[in-house]
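To keep things clear, I will list the structure first and then write my remarks on it.
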Amino acid sequence: MSKKHFVAIVLAAGKGSRMQSDVPKQYMSIQGKPILYYSLKAFQESEVEEIILVVGASEKESCQKNIVEHYGFTKVTAIVSGGEQRYQSVYNALQLLRQRGKKSCDYVMIHDAARPLVSKRILRDVMNQVVMKDAVVVGVVSKDTIKIVDQENRVVTTPIRSNTYSIQTPQAFAFQLVMDAYDTVIEQNVAGITDDAMVVEYATSQKIQVIEGDYANIKVTTAEDITVIEMLLNKINNEKEREV
Ligand code: CTP
Ligand code: MG
């Protein structure tokens, strides 16, 4: 069996409206480096062959120069313009891969740039599992009890907590599976898509495997998340220092 070609799609085309900062959150600095740096570094140091970076149309040049070249992210082979919604950003990257032709990609790993602390262990597990399962997402068991509510915020039902997962990224799929699913969802203009698994759930009968993520793999969404990421990064750096 020939070696499988893994491509990471790193999504950094959001506006970060909930952060309410001057620059989009993926460019905010943590310990002197932009959040996007940490997300790209994780994939640069992983076994994936290449990275497609998705950014806002007006940021392509500055990202190429100030991030990709500046930090030497040699695995970034294309910088693609994002869309209005996250799923449109993903679709733009998938279409580029399709245009490149059949052999260019066996599996895609779709990742939010806003999750800078994704670990080597997670990337390894996702790659190992997607080859067997075709559709894999990472998640952590919800620490809170989850309630399903109706339009008036009245509780309808309470799922058993150990069956509820907070879903993170990366989300990884066999390329043709996710490409076809995205085609369907785009064609049918399906509303309310918030992650890639939902696209595959909607369009196919594929079983999607949830594998163990990490509570530290948080998504930077609001200002307090920056403080948490800084603290976690300090902890990670301290642990690394102790190892050597
Ligand atoms: N993203 C993207 N294209 C979009 C929207 C989001 O590439 N049109 C990316 C973001 O840059 C982020 C990831 O998808 O890395 C997860 O999205 P989210 O956390 O919602 O980021 P934003 O959409 O930027 O933030 P907000 O929803 O608060 O505006
Ligand atoms: Mg968003």
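The values are calculated or read from the model by the stated rules, or taken from the named source; none is laboratory data. Since the structure is predicted, the reported quantities are computational estimates derived from the model, not experimental observations. Glycine gets a Cβ as well: all are built from the backbone with ideal geometry, and neighbour counts include every protein chain shown. Each accessible area value is taken on the protein alone, full model and side chains, heavy atoms only, with ligands, DNA and RNA left out. Shrake-Rupley method; radii C 1.70, N 1.55, O 1.52, S 1.80 Å.
Here are a few things to note about the model shown:
- Given Lys3/Lys103; Lys15/Lys143; Lys15/Lys120; Lys33/Lys75, the pairs whose alpha carbons are separated by over 21 Å: Lys15/Lys143; Lys15/Lys120
- Among 18-31, 173-186, the order from most to least packed when residues are scored by Cβ within 10 Å on average: 173-186, 18-31
- Taking Tyr71, Tyr87 and ordering them by how much accessible surface each has at a 1.4 Å probe, largest first, produces Tyr71, Tyr87.
- For the range 70-110: rounded, prolate or oblate by the Cα gyration tensor [a/c cutoff 1.5]: oblate
- Counted charge near Ile122, where neighbours are those whose Cβ lies closer than 12 Å (Asp, Glu -1; Lys, Arg +1): +1
- Table column - 3J(HN,Hα) (Hz), the range 27-44, Karplus curve with 6.51, -1.76, 1.60, x for Gly and Pro: 9, 5, 8, 10, 6, x, 10, x, 3, 4, 4, 5, 5, 5, 4, 4, 7, 4
- The range 72-78 - phi-based ³J(HN,Hα) in whole Hz, Karplus 6.51/-1.76/1.60, Gly and Pro as x: x, 7, 5, 7, 6, 9, 7
- Ellipticity estimate at 222 nm from DSSP helix runs (n ≥ 4, -39,500 (n - 2.57)) divided over the chain, nearest 500: -11000 deg cm²/dmol
- Between the range 9-33 and the range 177-215, the C-alpha centres lie 25 angstrom from each other.
- Å² per residue, accessible surface of the chain at 1.4 Å: 54
- Test item: Cα-centred dipole of the range 119-244, Lys/Arg +1 and Asp/Glu -1 on Cβ, debye: 460
- Along its three principal directions, the equivalent ellipsoid of the chain from the Cα gyration tensor extends over semi-axes of 25, 24, 20 Å, largest first.
- Percent of beta bridges antiparallel (DSSP, the chain, rounded to nearest 5): 40
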